[in-house]
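A.B. asks: Let me give you the structure first, and then I'll get to my questions.
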Amino acid sequence: MISALISITRPNDPEAIDRLADTLGALVAGVAAGLVGDAVIIVAGANPAIETVAEATGAKVVLRGRGASPWSAGARAARRDWVLCLEAGDVPAEGWIRLLDRFIGTARPEVSLARLRRPHTGLPSRLAARGESVIGVTAPRPGDLVRRDRLLSGPKFARRLKVRRVPARLERS
């Protein structure tokens, strides 16, 4: 099982709640399939609307400190060994449950990071991802499936991690 970490970068945006609802709604199939065990919503400040959505869905809300990594803050509240880092509005495409379940079931102990494809990222992000595939990754980003213990060590990984591609992809609502 995995924990889903959902970061909301702009909680006061009028569409933030709709994006969060889209992401949580997409995760329901993963819960039903036994892949997703819990969800953690990460925000910079308290927001009653987000807390209401979290309470209705059984998710936990975590406040991250100023300048702190949302993923490290969320990992402290996560209950599973693997966490899926998402932004509000990310929706896993069809087939993601089977692909992530297979990856987790076959990953060797030294494998700590898998990356889902995010077609909605811009050119600079795609170029950076190409470089990371060669030299490794120093910090997680949305669309990463990471071992929880790697996130607990801080906002950056202690050493560069090799990226394993997972053929699953994320879409944007």
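The values are calculated or read from the model by the stated rules, or taken from the named source; none is laboratory data. Source: prediction; values computed, not measured. Here Cβ is always computed from backbone atoms with ideal geometry, including for glycine, and neighbour counts include all displayed protein chains. Side chains are part of the model used for accessible areas, which takes the heavy atoms of the whole protein and leaves out ligands, DNA and RNA. Shrake-Rupley method; radii C 1.70, N 1.55, O 1.52, S 1.80 Å.
A.B. asks: What angle, in degrees between 0 and 90 and rounded to the nearest 10, separates the Cα long axis of helix 123-135 from the longest principal axis of the Cα atoms of the chain?
C.D. replies: The two axes meet at around 40 degrees.
A.B. asks: Right, here's the next one. Whole-Å semi-axes of the range 1-122's equivalent ellipsoid, largest first, each the root of 5 times a Cα gyration tensor eigenvalue? Working shown, then result.
C.D. replies: Numbers: eigenvalues 107, 50, 41 Å².
In descending order, the three semi-axes are 23, 16, 14 Å.
A.B. asks: Could you please state, rounded to a whole Å, how far the C-alpha centre of the range 19-71 is from the C-alpha centre of the range 139-173?
C.D. replies: Taking the Cα centre of the range 139-173 as reference, the centre of the range 19-71 is 17 Å away.
A.B. asks: What part of the accessible area of the chain, given as a whole %, is carbon or sulfur when the probe is 1.4 angstrom? If you can, show how the numbers build up before the last one.
C.D. replies: On the way: 4570 of 8940 Å².
Roughly 51 percent, rounded to a whole number.
A.B. asks: Let me ask another. Near the amide H of residue 7, under 5 Å away, which other amide H atoms are found, from residues 5 or more places off or on another chain, if H is placed in the peptide plane?
C.D. replies: HN-HN under 5 Å from residue 7: 42, 86, 87, 88.
A.B. asks: Still on this structure, I have one more. Once you keep just the Cα pairs under 8 angstrom separated by 6 or more residues, what percentage relative contact order results for the chain?
C.D. replies: On the way: 325 pairs, mean separation 48.7, N = 173.
Dividing the mean separation by the residue count of the chain yields 28 percent.
A.B. asks: Counting Lys +1, Arg +1, Asp -1, Glu -1, what net charge surrounds residue 173 among other residues with beta carbon under 15 Å of its beta carbon?
C.D. replies: Around residue 173, the charge tally is -3.
A.B. asks: List the residues whose amide H sits under 5 Å from the amide H of residue 157, counting only those 5 or more places along or on another chain, with H placed 1.01 Å from N in the peptide plane.
C.D. replies: Sorted by chain and number, the residues that satisfy this are 139.
A.B. asks: How large is ³J(HN,Hα) for each residue in the range 105-117, as worked out from phi by the Karplus curve 6.51 cos²θ - 1.76 cosθ + 1.60 (θ = phi - 60°), to whole Hz, x for Gly and Pro?
C.D. replies: x, 10, 5, 6, x, 7, 7, 10, 8, 10, 10, 8, 6
A.B. asks: While we're on this one: Run lengths n ≥ 4 of DSSP H only: what is the helix-derived mean residue ellipticity at 222 nm for the chain, with -39500 (n - 2.57) per run over all residues, to the nearest 500? Could the numbers behind the result be given before it?
C.D. replies: On the way: 6 runs with 64 residues, N = 173.
It lands at -11000 deg cm²/dmol.
A.B. asks: Using 0.36 nm per residue of separation minus the Cα-Cα distance, give me the extension gain between residue 10 and residue 101 in nm, one decimal. Walk me through the intermediate numbers first.
C.D. replies: Details: separation 91, 0.36 × 91 = 32.76 nm, distance 3.07 nm.
So the extension gain works out to 29.7 nm.
A.B. asks: Running a GNM on the chain with Cα contacts under 10 Å, which residue among 35, 24, 99 ends up with the highest mean-square fluctuation?
C.D. replies: Looking only at 35, 24, 99, the largest GNM fluctuation is found for 99.
A.B. asks: 7 Å from Cα along Cα→Cβ at both residue 165 and residue 111: what's the point-to-point distance in nm?
C.D. replies: 1.5 nm
A.B. asks: Per residue of the range 147-154, what does 6.51 cos²θ - 1.76 cosθ + 1.60 with θ = phi - 60° give for ³J(HN,Hα)? Whole Hz please, x for Gly and Pro, Karplus curve as stated.
C.D. replies: So the Karplus estimates, Gly and Pro as x, are 5, 4, 4, 5, 6, 5, 6, x Hz.
A.B. asks: Given the chain, what percent of its DSSP beta bridges are antiparallel, to the nearest 5?
C.D. replies: Around 35 percent antiparallel, to the nearest 5.
A.B. asks: Same structure, new question: Report, in debye and to the nearest 20, how large the dipole of the chain comes out about its Cα centre when Lys and Arg carry +1 and Asp and Glu carry -1 on their Cβ. Mind dumping the intermediate values first?
C.D. replies: Working: 28 positive and 17 negative charges, 208 e Å.
It works out to roughly 1000 debye.
A.B. asks: Let me ask something else about it. What's the angle, to the nearest 10 degrees (0 to 90), between helix 48-57's Cα axis and the longest principal axis of the chain?
C.D. replies: 70 degrees
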